[in-house]
Each structure stands twice: as structure tokens, then as C-alpha cells.
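Participant: Here it is: the structure, laid out below.
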Amino acid sequence: MGKARTIARRTFLVGSVAVTGGVAFSVWRVNTPFANPLLGDLKDGEAAITPFIKIDGSGVTLITPRADKGQGAYSIQTYLLAEELDVDPLKVKTSVGKPAKAYTNFALGEEIMPGRGHILGKLMPMQMTGGSSTVPDMYVRLRRAGAAARETLKEAAAKLHNLSADKLKTENGHVILPSGEKIAYGALAETAAKINPVKNVKLRDPSEWKFLGRDIQRTDIVAKSTGTQDYGIDMEMEGLVYATVRANPGIGGGVKSFDASDATKMRGVHKIMPVAHGVAVIADNSWRAFKAAEAINIEWEPGPYPPTSAQMWKILEKNLVPGSKAIKNRKDGNVDAALKSGDVIEAQYRVPYLAHAPLEPMNATVLITDERVDIWTGTQIPDFVQKHAVKMTGHKAKDVFVHVLPMGGSFGRRLEDTYVLQTLEIANSMRGTPVKMTWTREEDFSHDYVRPMALSRGRGTVKDGKVEAFDLDIVCQSIAKSQFVRLMGSAPPIPDTSITQGGDDQPYSIPNYRVTGYKAPEMAPVSSWRSVGASHNGFHHECFLDELIDAAGADPLKERIRLLQNDPLSVKVLEEVGRMSGWTGHKLGNGRGRGVAFTLSFGVRTAEIIEVVNTEAGIIIEKVWGAAEVGKVLDPINFEAQFSGGIVFALGHAMNCELTYEDYYPKQTNYYAYEGLKLYQTPDIQVKGLENGDQIKGMGEPGVPPAAPALANAIFAATGHRIRQLPLYKAIDFV
Amino acid sequence: MTKLIVNGIERTLDVEEDMPLLWALRDELKIHGPKYGCGIAFCGACTVHIDGEAVRSCQMPVGDVDGEITTIEGLGSPEAPHAVQAAWIEHQVAQCGYCQAGQIMQAASFLRQNSDPDDAAIDDAMSANLCRCGTYPRIRAAVKTAAKKLGGS
């Protein structure tokens, strides 16, 4: 009782963050949907103003529920908060939120279930980072939180000094009294905790902004340039042991038998034990663990899916047949009639399985005692990690702490938690000892939940120099089925839009327009890869559209603009990228050509133009121009980084990368066989963000989808050669 | 017992001669700037200097180290960054940042040998360091800025 009363008094101050869509997130005291997760942890003299801000004597801490995989999520959240709270962003500390419903990602729910995201968010609270959703989700919430905190701190100062709050100002972490006296926020925390929070705060007009929309410094840039940024893999603590796991590369298959007699004797090896689908080595050094793991003879059971790529392609081919498995349709006009009335142009496209392969391999550090479970790891899904830990160890959720650490890349990889579960299994067998488990690069490649391979068939007609009919069939595995079954035990009862995402949702007005998805049976387990379904559907759609435009004898930029005439925001994006490139046409002669592609994904209309030149040594990608409609560019420097980084990521995979399966696992198990782009191949890239729309959007993913088709289309313009299968290097040399 | 001089400090380790320097630094000496990326000297995340020259520490056996080791921590600090680090900060190169210690060590070693590089020389020197986030355009720009600073000093 005593404790509850203390907490209630100390934490009287709670921000009310009203949010569009009618869901109140942090008005938890009276009519709260979700409890404030910070309360239990508050010490004397600290005040939790909202789930997002903690203020004490040492300053302001942003409790950020969104993980930073490298996309700058911590930084932009800090600036969103600082813009209203009047603090120095570079002095704001960042801490990760522990799993809590108040941190639910409503914007991601919106992406999965358009128009009903808040419902999905409430039914299935996911503290999840993904879908380029951090900025849209936090844009209003964090500024409101900052403003509520600022006004409440002013009230506290007013109370202490018998003044009216409207006579007070705030600046750089202080409330300024009319006398000029400055009071640090930290000194007001305790008083602020005892008064009612200020509600109905008015957000500042963008014209008053000091940080947002300007060139700002990423809050982590100094640490990341001086080797002082710690990642999950850098965890250290007293008594730590170092582990690795070798699991069946036929993912889901078991262990028939293993012989660890040699490995057990190796230096530094503490213990060798079976874990789910594999064997773990615990040692006193990661390298010794790797070496011992390699020395174990393991006989695997077969994997639960076809063992070779050849068999998998046959399955896709078999399922690319019109019929009852069609899961989603875009149907405008009368496609069947149009196809009968003209010469049909037909083409098939193939994209391979791809690995995420972030440079920091999967790892986790876990300490389990009888009282609690502590997990330190880079993860996009702390909520699921906590649930799975509860299931495995039998602890109560309140005693399971997930400490989310900065990640050395992810690209969707850390939306899965197999590596954490393995570490939990090891640590649970040696309670009291902290265990850091690291995968080798080879384990990481062979145990990725990959981007699905996909096959498409386009059929279409042209008439009077225009595209008349466009009919695209796409066959692909369901990401939702594979991923949600792993995470939740079952897939949500909604259609898997990722099969056609980026294909059936494009704003083109083609007179006869049909896009159909076919769900292939499950094969290798798949998951979300940067830009998800749009990563391959952008390629299918924009390559085939390019073929039709060429057959019509039209200009690839102008015909796209004409077909997008009913969507003015898209027209502006294409016009802008055309202007940036000084567009005069796509076939420039002398082996030089330009390709265009446009994809709407994650709410962002994105167009790219790529210029290549064909030389004796091969294709050189010289220039890339990109334009995207994002509503507002909040952080121009990071916008450029995400957009151009997405283009480099996409080009590298389109040119050089594929996973081909033999014996249940990919032959490519390290970077030499999966190179991506290297610096010498990197073109000059110019990008621009347009602000004509009224929706704020994130740029982590939308730069990816148009790059591969723009490149393939440019190669066609330069060489006359249509390449319809990725990776492109199999058909043409690159310098 | 193996003796190593790391960032100017002599350290004594009881490890196998064939333990890669990377794992001696990371797990024995708790120096975490050099990163594990591929383990086969392909990605460059583990790059350190031995007597000023860039070396892939994941493929350098501790027993073969013949010289003074500098890691990113010894190159400069947040308060007093090396010219290459300062250029990396100025251009805001890092996204996830995991490869950047290796990129910076590679660039610092390269610029010591070639203080006035042209674009082709930069491309050659920096193309064996992998960045999965795609920061290459800014790496190029930062190397140029650092070259100017170092050349002018």
C-alpha cells in the first residue's frame, strides 16, 4: 500500500498526448487505455511527464520506444521533443523504453491495415519498429509530449514563485522568470510531479521551428565516428561467458545426432549443450566458441521445405495460374477484352531470395536469475521478445526486462528473435551467469528469414502510342504467414497485402489495369526486407510498364506522367526528377541510356532516373536522380542519407545479390558471395524531398523499390537488352 | 604470454598464437571499436593499424603482430577527433555506424600514404570496406575533406 501511494503521489504529473484518430495514449491517470510504463522505476525526485520524457536533476531523458537500426530514429525523436521542450538536443539522454502498450506503433498498424491501424494497434499492441513508421507515428506525439512537459514545468515554477505561468519563458533546459532568473528543469521535477499536467497545449507553428527542417547534427554522429558507440555485440559485464550456436541450416529441421568429443576438449570451452534445432557452445572467448562449434560433428534432419532453388522455382511456376488462389485484385476497365483486341506483349520477371545481412551479426546477452530476466539486444520487437522469454523461463512479464541496444543495421532482420530465444535457452541452463551469444557470419547468412523470391507475368497492349492494357500476375510466398506464425503462433486474419504491395496499389490510371497476386505455398521461411513487398513488386511493375511504353513508342517519363494525371502529387514527383536530370529522352546514343521508375510505397511517391553507359568493360552506373513526396522534410541531412542509402542498397542487391538454395540452405554464406555495392561502383546520387502533400512520411524504405527497375530500364535504353531477372550480373557485366 | 602494444599501452595476454587479433582485442582486452563483420577479411569492419598501416584484425593472428597497434579508440576521441574522424562528423557519414570504425581506420592509413588523392585513388583505397547502409557517397566526400585538412596541416 505504502509503495502504491508513493508512486501515485510522485507521478501525479502525466502528460496528456491527444492523438489523431481519437485514441488517447498517455492520459492514463483517469481514462487510460494503457498504463504508463515508467512509474514503477521512478526514484525520488524524478518525474515522468509522459511515457516519453523523464526529467531529474541530471537533465532530460527521452525514453524512446522506437529502435535505432541506423536510420537515425533516436536523433529525429530527440529533435521532435526538443523543438517544443526547449532543451539542447545534443544534451538530451536517450534511453529505450521497456516493452509497454503505451509505446504501441499505431502508424505501423495503419500500414498493415489501412484506415484501421488504431484498431489493429489496440487489438495487437506491437512495440515495433518498421514500415518507415517512426516519423509518422511520433511527429505529433513527441512534440505534444514536449509541449505538455514545458507548460507543466512552467506551472511548477509559477507555483514555487507565486507567479502566473504566462509570465514565464523557457530556454535551453530552464524556465526563465520575469526577473531573468533561470531555473533548471531538473530543479522543478519534484514540484511538477505534484501538480496536474497541463493539457490542451498548442504546438508551435513550423515557422517558429529552430531545429526541424534545418540542417541538424545527428545526436549519435560523434560516437559513431569515434568508436565510442556501443552496439549489442559490445555488451560486457562481470562474469560474462561467450557463446555461439550452430543450428540446422534447413531452418526448422532438427538434430539427428551430434558428436562434440573433440570440441569439448578445446581450450576455453565451458559447456556444449543442445538447443532448439541445434547445438550451443559456451566458452571464455567468442573465437574459441566459434572454433569449438566448427569442430562438432552434427548430423541434421532434413529441412521442412524443398531443398533446392530449382524445385522452388517450379513451385512458383505451378502457382502462377489464374484460379481460386488469387488473393488481391486491382481491376480497372476490361482487361480481358482489351487483351483480345490488340497484339499482346508478354514478359516474365524473376527476383531471387535475398538476405538482410546487416553488418552486425545477430547476437544477444542474457542474464537469468530466479528473480528476473534481463535481455540486452538489438531488436525491433521488444514486446515479442518479452512474451517469448516469459513463455520459456516461466518468469512474470513484469520481471522480464528487454534492454534494446543500438543496432549495426537491420533492414528488417531484427523483426525476428530466434537468436534471442537461443540465448535465453542457454542462459536459463546456467542461471546467475550472463551469456553473450554471437552468430558467426556464416550462421547469420544461413539462418536469415529471407526476402521471398517472386515470379511475375505481364501481359498488355498499346494503342495510338499509349499504354492501353496492363495485366500483371505475381506469385510469391506470404510474408505475413511465415513471420506472424513464428512471432505470434498464428497469422492475423487479414489478407497478406505484401504479395502485391507496390504492384496493385499504384496511382496510375491505365484504361485497362489489373494486378493479381497468387499466394505460393511456404518454402524457405521468409520475412520483411527493407520495403517488403514493394522491393520486388516495384521491379515487376515498372519493368513491364517500361516494355509497354517502349512498344507504344512513347517517352518513358512523359507516358508515366500522363498515366498519373489523376494523382497530382505523383505528377509533381516525376516532373521534379525529370527537371533534376535535365531529361531529354531515354536513348542517348553511344551506349548511353536512362531508365525511369516510379513506386508508391509506405505512402511515399518516389521516382528515380538512372543513367548508365555501356563500355567495353561493362555497364557503368553514372548518375542517379531521385525525388520523393514526404509531406515535410524534418531532417534534410538524414533524409538525403536514407534516400541515397536506400538507392545504394537496392542497386547493390539488384546487380550482385541472390541466395540460391542447395541442400536446404543458401550457398551464399558470406559477403564475398553476396557483395552488394562497393564504393567504386557507387554513382553520383542527387535526391530531393517534395513537400506538396499534407502527410508526414518516413524515408527509410521508399527509396529502395524504384532503383532496380530504373537500372534495368536504363540498361535497356543503353543496350537494347531487356534483362528480366535479378541479379543483373548474370546477364550483363558491370564495371 | 603475448605482449601487445595497443593505443600506446603495453598489454599482456595469455592466448593462443593463432587467435585473431580482433578477438584478443574485443573479448580479452575489451576494446570494442574494431568490429566483427565477416571473419574473412572481406568487409573491413575489424580494421586497425599496425605501425600506422591498415590491417584486417580478424585475419591477423596475435602471434604474427609485429608492431604497435592502434584502434579507432587510439586514433582520436570525441573531444579531440583525428582529422578523418572530424571529416566523418562534418559530413555526418554514419547511419548504423557499425562499419565506420573500419572505414575511418582505412582512410586514415590511406591518407598517410597519399595525402593528395584523386577520385580514382580514393575509390581504390576504400572499395574493400563494406557498408550495408550505403554511406559510400559521404565516405568519398569525407575522405576528400580529410585529405584537405591533413594536406594543409
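Each value in this text was obtained by applying a stated rule to the coordinates, not by laboratory testing. Just so it is clear, the structure is predicted and the values come from calculations on it, not from any experiment. When we count neighbours, we look across all protein chains shown, and the Cβ atoms used for this are built from the backbone with ideal geometry, even at glycine.
Participant: For segment B:75-152, with only Lys/Arg (+1) and Asp/Glu (-1) charged at the beta-carbon, what is the dipole magnitude about the Cα centre, in debye rounded to 20?
Facilitator: Using Cβ point charges on Lys, Arg, Asp and Glu, segment B:75-152 gives about 140 debye.
Participant: A:SER527's amide H: which non-local residues (gap 5+, or another chain) put their own amide H closer than 5 Å, with H modeled 1.01 Å from N in plane and none for Pro or chain starts?
Facilitator: Those lying under 5 Å, H to H, from A:SER527 are A:VAL450, A:ARG451.
Participant: I'd like to know which of A:ILE637, A:THR61, A:CYS543 lies farthest towards the positive end of the charge dipole of chain A, counting +1 on Cβ of Lys and Arg and -1 on Cβ of Asp and Glu.
Facilitator: The one lying farthest along the dipole's positive direction is A:THR61.
Participant: Output needed: percent of Cα pairs per 10 Å distance bin for segment B:75-152, bins running from 0 to the one holding the longest distance.
Facilitator: 21, 60, 19, 0
Participant: Rank these for me by crowding, B:TRP88, A:TRP300, A:TRP529, going from fewest to most other beta carbons within 10 Å. Write down the numbers at each step before the final one.
Facilitator: Details: B:TRP88 31, A:TRP300 21, A:TRP529 26.
Ascending number of Cβ neighbours within 10 Å: A:TRP300, A:TRP529, B:TRP88.
Participant: Name the residue from A:TRP313, A:VAL335, A:GLY254 whose Cα lies farthest towards the positive end of the charge dipole of segment A:235-374, charges +1 on Cβ of Lys and Arg and -1 on Cβ of Asp and Glu.
Facilitator: A:VAL335
Participant: Considering amide H positions built from the backbone, and no H for Pro or chain starts, which residues 5 or more places from A:ARG514, or on another chain, come under 5 Å of its amide H?
Facilitator: A:ASP332, A:PHE470, A:ASP471, A:LEU472
Participant: Compute the distance in nm between two label points, each set 7 Å from the Cα along the Cα-to-Cβ direction, one at A:LYS396 and one at A:ILE298.
Facilitator: According to this spin-label approximation, the distance is 3.7 nm.
Participant: Let me ask you something else. So, R0 is 60 Å and r is the distance between the beta-carbons of B:SER115 and A:LEU588; what FRET efficiency does that work out to, to 0.05?
Facilitator: Values: r = 38 Å, r/R0 = 0.63.
In this case the efficiency is close to 0.95.
Participant: Can you compute 3J(HN,Hα) from phi for each residue in segment B:103-108, using the Karplus curve 6.51 cos²θ - 1.76 cosθ + 1.60 with θ = phi - 60°, rounded to whole Hz and x for Gly and Pro?
Facilitator: Values, residue by residue: 4, 5, 5, 4, 5, 5 Hz.
Participant: Still on this structure: Under 27 Å from the Cα of A:LYS318, which lysines turn up, not counting those fewer than eight places away in the same chain?
Facilitator: Candidates past the 8-residue exclusion: A:LYS328, A:LYS331, A:LYS340, A:LYS481, A:LYS519, A:LYS667, A:LYS730.
Participant: Less than 19 Å apart at the alpha-carbon level, and either on another chain or at least 8 residues along: which lysines does that give for A:LYS632?
Facilitator: Once the sequence-local lysines are set aside, what remains near A:LYS632 is A:LYS210, A:LYS572, A:LYS688, A:LYS697.
Participant: Now, a different point. Quick one: Karplus J couplings for segment A:179-185, per residue in order, coefficients 6.51, -1.76, 1.60, θ = phi - 60°, nearest Hz, x for Gly and Pro?
Facilitator: Each residue's phi maps through the Karplus curve to give 6, x, 5, 10, 10, 5, 3 Hz.
Participant: Just name one of A:VAL515, A:ALA347, A:ALA389: the one whose Cα is farthest towards the positive end of the charge dipole of chain A (beta-carbon charges, Lys/Arg +1, Asp/Glu -1).
Facilitator: Going by the charge dipole, the pick is A:ALA389.
Participant: Something else now. Apply the Karplus curve 6.51 cos²θ - 1.76 cosθ + 1.60, θ = phi - 60°, to the phi angles in segment A:468-484 and return the couplings in whole Hz, x for Gly and Pro.
Facilitator: Karplus-based 3J(HN,Hα) across segment A:468-484 equals 10, 9, 9, 9, 10, 10, 10, 10, 6, 6, 8, 5, 4, 4, 5, 6, 6 Hz.
Participant: Once a ≥ b ≥ c are taken as the square roots of the eigenvalues of the Cα gyration tensor of chain A, is the result rounded (a/c under 1.5), prolate (a/b larger than b/c) or oblate (a/b not larger than b/c)? Before the final figure, lay out each step's value.
Facilitator: On the way: a/c = 1.96, a/b = 1.25, b/c = 1.57.
Oblate.
Participant: Ranked from highest to lowest mean number of other Cβ atoms within 10 Å per residue, what is the order of the peptides A:536-544, B:50-58, A:595-603?
Facilitator: Working: A:536-544: 29.7, B:50-58: 20.1, A:595-603: 28.0.
Ranked by mean Cβ neighbours within 10 Å, highest first: A:536-544, A:595-603, B:50-58.
Participant: What does the average come to when, for each residue of peptide A:495-507, you count the partner chain Cβ atoms lying within 10 Å of its Cβ? Could you put the intermediate results ahead of the total?
Facilitator: Values: counts 0, 0, 0, 0, 0, 0, 0, 0, 0, 0, 0, 0, 0.
For this peptide, the per-residue mean of nearby foreign Cβ atoms is 0.
Participant: While we're on this one: Within the protein assembly as shown, what percent of beta bridges assigned by DSSP are antiparallel, to the nearest 5? Display every interim value, and only then the final one.
Facilitator: Details: 101 of 133 bridges.
Counting DSSP beta bridges with both partners in the protein assembly as shown, the antiparallel share is about 75 percent.
Participant: Once you average over the residues of B:28-35, how many Cβ atoms of partner chains fall within 10 Å of each Cβ? Provide the component values of the computation, followed by the final result.
Facilitator: Numbers: counts 3, 0, 3, 1, 9, 5, 1, 8.
Whole-number average of other-chain Cβ neighbours for B:28-35 is 4.
Participant: Let me ask something else. Can you put A:VAL571, B:VAL143 in order of Cβ neighbours within 10 angstrom, beginning with the fewest?
Facilitator: Details: A:VAL571 19, B:VAL143 30.
Sorted ascending by nearby Cβ count, the order is A:VAL571, B:VAL143.
Participant: Follow-up question, since we're still on this one. Tell me which aspartates and glutamates have Cα within less than 13 Å of A:LYS463's Cα, excluding those fewer than 8 residues away on the same chain?
Facilitator: Of all the aspartates and glutamates, those that pass the test against A:LYS463 - Cα under 13 Å, at least 8 places apart if same chain - are A:ASP343, A:ASP550, A:GLU559.
Participant: For A:ILE685, B:ILE104, which order do you get if you count the other beta carbons within 10 Å of each Cβ and list the fewest first?
Facilitator: Details: A:ILE685 24, B:ILE104 32.
Ranked by crowding around the Cβ, least crowded first: A:ILE685, B:ILE104.
Participant: On C-alpha positions alone, give me the angle between the axis of helix B:136-152 and the longest principal axis of chain B, in degrees, nearest 10.
Facilitator: Computed tilt is about 90 degrees.
Participant: Starting from the 7 Å offset along Cα-to-Cβ, what nm value, one decimal, do you get for the label separation of B:ILE40 and A:ALA337?
Facilitator: 5.8 nm
Participant: Once the Cβ-Cβ distance between B:GLU10 and A:VAL344 is put in as r, and R0 is 60 Å, what FRET efficiency do you end up with, to the nearest 0.05?
Facilitator: 0.20
Participant: Continuing with this model, one more query. Can you give me the distance in nm between label points at A:ARG431 and A:ASP166, each placed 7 Å from the Cα along the Cα-to-Cβ direction?
Facilitator: Using points 7 Å along Cα→Cβ, the separation is 6.0 nm.
Participant: Within a 10 angstrom radius of each residue's Cβ in B:42-50, how many Cβ atoms of other chains show up on average? Whole number is fine.
Facilitator: Details: counts 6, 6, 1, 3, 0, 0, 0, 0, 0.
Averaged over the peptide's residues, the number is 2.
Participant: Report, in debye and to the nearest 20, how large the dipole of the protein assembly as shown comes out about its Cα centre when Lys and Arg carry +1 and Asp and Glu carry -1 on their Cβ. Walk me through the intermediate numbers first.
Facilitator: On the way: 98 positive and 103 negative charges, 585 e Å.
Magnitude of the dipole: close to 2820 debye.
Participant: Let me ask something additional. If I take R0 = 51 Å and measure r between the Cβ atoms of A:LYS202 and A:HIS403 in this structure, what FRET efficiency does the formula 1/(1 + (r/R0)^6) give, to the nearest 0.05?
Facilitator: Numbers: r = 36 Å, r/R0 = 0.71.
In this case the efficiency is close to 0.90.
Participant: OK, next. Search the structure for amide H atoms under 5 Å from the amide H of A:TRP300, placed 1.01 Å from N in the peptide plane, and list their residues when 5 or more places away or on another chain.
Facilitator: Amide H neighbours of A:TRP300: A:LYS256.
Participant: Calculate for chain A the 222 nm mean residue ellipticity that helices alone would give, adding -39,500 (n - 2.57) per DSSP H run of length 4 or more and normalising by residue count, nearest 500 deg cm²/dmol. Display every interim value, and only then the final one.
Facilitator: Values: 20 runs with 222 residues, N = 735.
-9000 deg cm²/dmol, from helical runs alone.
Participant: Using 0.36 nm times the number of residues separating A:SER509 and A:LEU90, minus their current alpha carbon distance, what extension gain do you get? Let's see the in-between values first.
Facilitator: Working: separation 419, 0.36 × 419 = 150.84 nm, distance 4.70 nm.
Working it through step by step, the gained length comes to 146.1 nm.
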